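The values are calculated or read from the model by the stated rules, or taken from the named source; none is laboratory data. As the structure is a prediction and not an experimental result, all values here were calculated from the model. Cβ sites come from the backbone with ideal geometry, for glycine too, and all protein chains shown count toward neighbours. Remember, those area values only see protein heavy atoms, side chains included, never the ligands or the DNA or RNA. Shrake-Rupley method; radii C 1.70, N 1.55, O 1.52, S 1.80 Å.
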Amino acid sequence: MVFRKRRLALASVAAAAATALVAGCASGTGGSSSGASGDTLTLWTHNAGNSAELDVVKKIIKDFNESQDTYTVELQSFPQADYNNSVVAAASARKLPCLLDVDGPNVANWAWGGYLAPIDVTGSEVPVEDQLASTVGTYKDQLYSFGFYDVSLAFFARKSVLDEHGIRIPTMDKPWTRSEFDTALAELKKSGEFDYPLEMGTGGSGEWWPYAYSPQLQSFGGDLIDRNGYKAASGILDGKESVEWGNWFRSLVTKGYMAKKSGADPNKDFLAGKSAIQWDGSWNAAKNAGKLGDDLAIIPPVDFGNGPKIGGSSWQWAMSSTCSNKDGAQEWLKFSRQTKYFVDYAQATSTIPATDAAAQQIADYQPGGMFEELVQFAREYATVRPVTPAYPYISTEFQKAAQDILAGADPEDALGQAAKNIDNNLKTNNNYAG
């Protein structure tokens, strides 16, 4: 395997990304390999400390190891905050495991950097074509990863509160418009009943910012980068529609509708009645329903002019380019693609199954189920973050710009600087060609 150094931008979910020189592995033959000792393969996951999801991973490994006597998979788990740094260090030392999970938006970056190899899961129980598009990771028309689940953003509110203030409860057929939403927030603010009428998790960090707020920018008609070739952000991220979003986003703070920086537990604050409407993920749907029961309204995203949008893609499984036993690694990947495991992940983590077949086995996600809307949101509204190796750098720049806007920066200036920085990064990396 031929190695060459590349300028690789990486982002973790919890921390800002930085562009750093690391050793990348390009396609070819010869050189170093790792991740297996004969037919014993190492698997890395970010789930240390997340026992619910880790238990599913352990179950699949146990079942696979017991199902045949050729390969053995061994698990190593990391805390999510340390995971990406561990992968970077291992890649630099050419000591990646054979199997590893990767956050969906980073797949293109890791594939470009030589961390990942294309996979072939033909013949597995669940065809890739049956999955939500946001749960499949491709780069340059090749399959690099797949996930068992996705999550969905939604607004949560109390029906009784909306009814009391004469606010229409929107549906997928008729979501709130920008005008309706702004009017609703003004009415709730005027009531004086809430610390802030809207809770959007502005105390979050890292990938939460592009995941939560760039879909709203896209609904305005803007985007993070020109997706036609992924060669420029200028004119898009700082275009008219994006700046309009920035002005609206800032107005939520200046009008007292939303905190510039929310508390440590925004969901707890929502359930305590400190806010009337919360922009949050499906991972808190069950908790909200348990507290509010039939009074819980699960509301689609606002249509700001270009249709409702939510972010798509979560953690997925992949094979490293340096794996010395790719046959074994792909056997594990194929084995894992059974409907029962898609169901197990969803039930353990309160996430949305990546296939309809799995969703139909979970009562809450079935037609008429308590959380059927969340499945529909993921299917109809999910917008995958830009599929480019530049994405981790884009993510960091957008987070900084959005935070600066809430702090009072001029949206046109903040977004313009972010676009300029992204364009410079693209130029430095030759538009991530090769």
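Of all residue pairs spaced 6 or more apart or on separate chains, those with beta-carbon atoms under 7 Å, a first member in region 322-338 that is more than 15 Å from residue 72 (Cβ to Cβ) and a second member that is at pLDDT below 95 are 322/1; 322/25; 322/32; 322/33; 322/34; 322/35; 322/94. Residues in region 341-356 that are assigned to a helix (DSSP H, G or I) and small (Gly, Ala, Ser): 346, 348. Considered as a group, the residues in region 417-427 that are open to solvent by 20 Å² or more (accessible area, probe 1.4 Å) and in contact with a Ser or Thr (Cβ under 8 Å, 6 or more places away or on another chain) include one that is farthest from residue 242 (Cα to Cα), and that residue is 423. Reported count of residues in region 71-124, each being of a type in the set (Gly, Ala, Ser) and either part of a strand (DSSP E or B) or open to solvent by less than 50 Å² (accessible area, probe 1.4 Å) (or both), is 11. Against the conditions (1) touching a helix residue (DSSP H, G or I) at 6+ places or on another chain (Cβ under 8 Å); (2) assigned by the TED database to the domain that holds residue 354, residue 167 satisfies every one except (2). Does residue 143 qualify as being open to solvent by less than 10 Å² (accessible area, probe 1.4 Å), of a type in the set (A, V, I, L, M) and part of a strand (DSSP E or B)? No; evaluated as a whole, the condition is false for this residue.
Residue-wise test of (1) in a helix (DSSP H, G or I); (2) open to solvent by 30 Å² or more (accessible area, probe 1.4 Å); (3) in contact with a Lys or Arg (Cβ under 8 Å, 6 or more places away or on another chain); (4) closer than 30 Å to residue 98 by Cβ.
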residue	(1), (2), (3), (4)
319	no, no, yes, yes
369	no, no, no, no
392	yes, no, no, yes
395	yes, no, yes, yes
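Looking only at residues of region 403-416 that are under 25 Å from residue 199 (Cα atoms) and without any contact (Cβ under 8 Å) to a residue 24 or more places away in the chain, we find that the one that is least open to solvent (accessible area, probe 1.4 Å) is 409. Scanning region 192-220 for residues that are open to solvent by 40 Å² or more (accessible area, probe 1.4 Å), in contact (Cβ under 8 Å) with a residue 12 or more places away in the chain and over 28 Å from the mean Cα position of the chain (by Cα) yields 193, 195. Taking the criterion of being open to solvent by 40 Å² or more (accessible area, probe 1.4 Å) and β-branched (Val, Ile, Thr), the only residue of region 252-282 that qualifies is 254.
The set of residues from region 339-360 being open to solvent by 20 Å² or more (accessible area, probe 1.4 Å) and in contact with a strand residue (DSSP E or B) (Cβ under 8 Å, 6 or more places away or on another chain) comprises 339, 349. The set of residues from region 221-244 being assigned to a helix (DSSP H, G or I), farther than 14 Å from residue 404 by Cα and open to solvent by less than 50 Å² (accessible area, probe 1.4 Å) comprises just one member, 242.
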